[in-house]
Amino acid sequence: MVEAKEILYKDSRELYSDLVSFAGNRYQPIHRWYSLVEGFSSEFVRRLIGEQSIMPKVCFDPFMGVGTTALTCQDLGVKCFGIENSPFFYDVTRTKLRSDYDPDEFAVLIDEFEIYLNSCSHSHPLPEMETKTLFQTNERERWIFNEPVREGISDILEKMHMLPIEANKYFSLFKLAIGSHLVAVSNVFRNGKCLSFKKKWEDNNTQRSDVHSLFINYCRNVLLVDIRSKANNIPKVHNYVNVMRGDSRTLINSLPENSIDIVISSPPYLNSRDYTDIYRLELWMLGYVSKFNEEKKLRSSALTSHVQIAVADSISPNIQELNEFLTHLETIGTLWNKNIPNMIKGYFSDMESIFENLHPKLKEGAMVYINVSNSAYGNKICEVDTILAKIAETKGYEAQEIRTARYINSSKQQEIASKLRESVIVLKKNSW
Ligand SMILES: C[S@@+](CC[C@H](N)C(=O)[O-])C[C@H]1O[C@@H](n2cnc3c(N)ncnc32)[C@H](O)[C@@H]1O
């Protein structure tokens with residue numbers, strides 16, 4: 001067992017402050033196909049790979065999101081395993097990783113799509129789904145999609161399902177295109193924690209044809225442009241076949257032993273953000289979920305990081321900073337949600353099992369980079385990065401550094417005035 005050294009805290013804001021958000025991907029071909037606010041930039045992955053003395057052969061991202069790590073690795077010729085539990089994000093990633101699109105074939109399909117949409121004036125029945133909050137009906141006072149918007153989306157989904165079998169690979173491109181616009185054409189916005197109604201949502205005047213135009217323009221001006229620009233780049237590795245859908249707490253076990261050189265990942269932050277809720281328009285409208293129990297199942301397969309479902313009390317890792325934080329929460333009385341202490345315990349025990357299960361999959365001396373932010377509850381900052389680094393030390397890693405990437409505002413709910421450190425935890429696999 002290697003003796004734990006003091007963790008080195010390093011101010012790396014100059015290096016990372018612009019890279020740990022998705023902003024840097026907004027103008028990057030293919031990366032830009034779906035903006036994930038919670039994602040990081042491809043340049044972040046490039047820099048971390050660039051600082052290795054030997055080019056890594058195999059990378060891994062256990063919280064893949066929309067595939068920034070896997071796609072950057074593919075561009076660099078590095079094999080990358082990835083796991084993602086949201087079926088929508090998983091599909092977005094696979095759509096971005098495919099490299100066998102033919103731009104001319106796709107262009108013809110877009111033209112046909114446009115002709116079809118221009119001819120649409122028929123009405124579609126309400127989709128069969130258990131949630132009743134999405135659509136405008138006489139019984140509802142508020143709804144997420146106005147009637148013309150629902151018709152416009154339904155036209156697109158209908159045409160997608162008419163694609164001939166030989167055009168199968170383009171189905172997911174069209175799905176991504178409509179998925180990218182669902183929030184924009186709806187009456188809600190993502191407020192960080194959930195979906196909230198837009199100010200003056202009643203004035204939303206989006207027409208059926210507006211939905212069609214947004215979709216067609218996006219297919220032509222974004223997807224097709226990027227496909228054309230990459231048409232002659234045949235990747236050396238195909239990470240399309242290396243990514244998996246499911247819960248990384250258990251799926252890590254299916255990876256080959258002693259195979260990974262580097263991990264570049266960002267788990268959900270301990271900030272009570274429920275991805276199943278925030279991305280529910282994509283999940284319900286694109287057919288991933290149509291019943292509440294399916295939604296619940298998906299939610300429970302996510303890392304414990306929100307209070308949307310009550311979490312059972314669990315034994316949390318025995319780390320001094322964590323114990324002190326939990327004791328603090330006990331002393332301050334009421335929190336904005338009674339599930340917070342169990343969520344915090346669950347988060348750190350989930351991450352403990354990730355570190356433990358990951359260890360045998362890593363090659364000797366492998367490097368692990370985790371982008372995470374601290375949180376605040378009960379008027380006190382929870383030093384998530386320090387606690388994670390110390391947990392990792394108990395599971396066979398040397399915590400080399402915690403690099404400050406930037407300081408971010410805490411949400412109102414987090415009840416703290418000061419900013420929260422977002423950082424990159426740098427770990428190295430120890431031999432036991
Ligand atoms: C911060 S985001 C990662 C974003 C990614 N770095 C990118 O740039 O696209 C965290 C991701 O972890 C996923 N996730 C949550 N729980 C998971 C689990 N148990 N297994 C796998 N993925 C999970 C979420 O759905 C989310 O996409």
Next item on the list: For residues that are among the hydroxyl-bearing types (Ser, Thr, Tyr) and part of a helix (DSSP H, G or I), scanning just region 164-180, find the one that is surrounded by the fewest Cβ atoms within 10 Å (Cβ to Cβ).
Entry: Ser172
Check: What is the residue count in region 196-211 for residues that are open to solvent by 40 Å² or more (accessible area, probe 1.4 Å) and either under 22 Å from the mean Cα position of the chain (by Cα) or among the hydroxyl-bearing types (Ser, Thr, Tyr) (or both)?
Finding: 1
Note to self: Scan region 13-24 and tell me whether some residue there is more than 16 Å from the chain's Cα centre (by Cα), more than 12 Å from the ligand (Cβ to nearest atom), touching a residue at least 40 places away in the same chain (Cβ under 8 Å) and open to solvent by less than 20 Å² (accessible area, probe 1.4 Å).
What the structure shows: yes
Checklist line | Answer from Glu139, Glu130 - the residue that is open to solvent by 30 Å² or more (accessible area, probe 1.4 Å) and closer than 30 Å to Tyr269 by Cα | finding: Glu130
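The rows are residues; the columns are (1) among the small types (Gly, Ala, Ser); (2) within 16 Å of the ligand (Cβ to nearest atom); (3) touching a residue at least 60 places away in the same chain (Cβ under 8 Å).
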position: Lys57; (1), (2), (3): no, no, yes
position: Ala70; (1), (2), (3): yes, yes, yes
position: Cys80; (1), (2), (3): no, yes, yes
position: Asn85; (1), (2), (3): no, yes, yes
position: Arg98; (1), (2), (3): no, no, yes
position: Tyr101; (1), (2), (3): no, no, yes
position: Glu112; (1), (2), (3): no, no, no
position: Ile115; (1), (2), (3): no, no, no
Notebook entry, point to check: Scanning region 231-259 for residues that are β-branched (Val, Ile, Thr) and within 16 Å of the ligand (Cβ to nearest atom), which turns out surrounded by the most Cβ atoms within 10 Å (Cβ to Cβ)?
Noted result: Ile252
Note to self: Testing Tyr9 on (1) open to solvent by 80 Å² or more (accessible area, probe 1.4 Å); (2) over 29 Å from Thr394 (Cβ atoms); (3) touching a residue at least 40 places away in the same chain (Cβ under 8 Å), one condition comes back false. Which one is that?
What the structure shows: (2)
Checklist line | Search result, residues across region 33-47 that are assigned to a helix (DSSP H, G or I) and within 12 Å of the ligand (Cβ to nearest atom) | finding: Trp33, Ser42, Glu43, Phe44, Val45
Next item on the list: Would you be able to say whether some residue in region 320-327 is touching a residue at least 40 places away in the same chain (Cβ under 8 Å) and of a type in the set (Val, Ile, Thr)?
Entry: no
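The values are calculated or read from the model by the stated rules, or taken from the named source; none is laboratory data. Given the structure is predicted, the values throughout are model-derived calculations rather than measurements. Cβ: placed from backbone, ideal geometry, glycine included. Neighbour counts: every protein chain shown. Quick note on the areas: whole protein, heavy atoms, side chains included, nothing else; ligands and nucleic acids left out. Shrake-Rupley method; radii C 1.70, N 1.55, O 1.52, S 1.80 Å.
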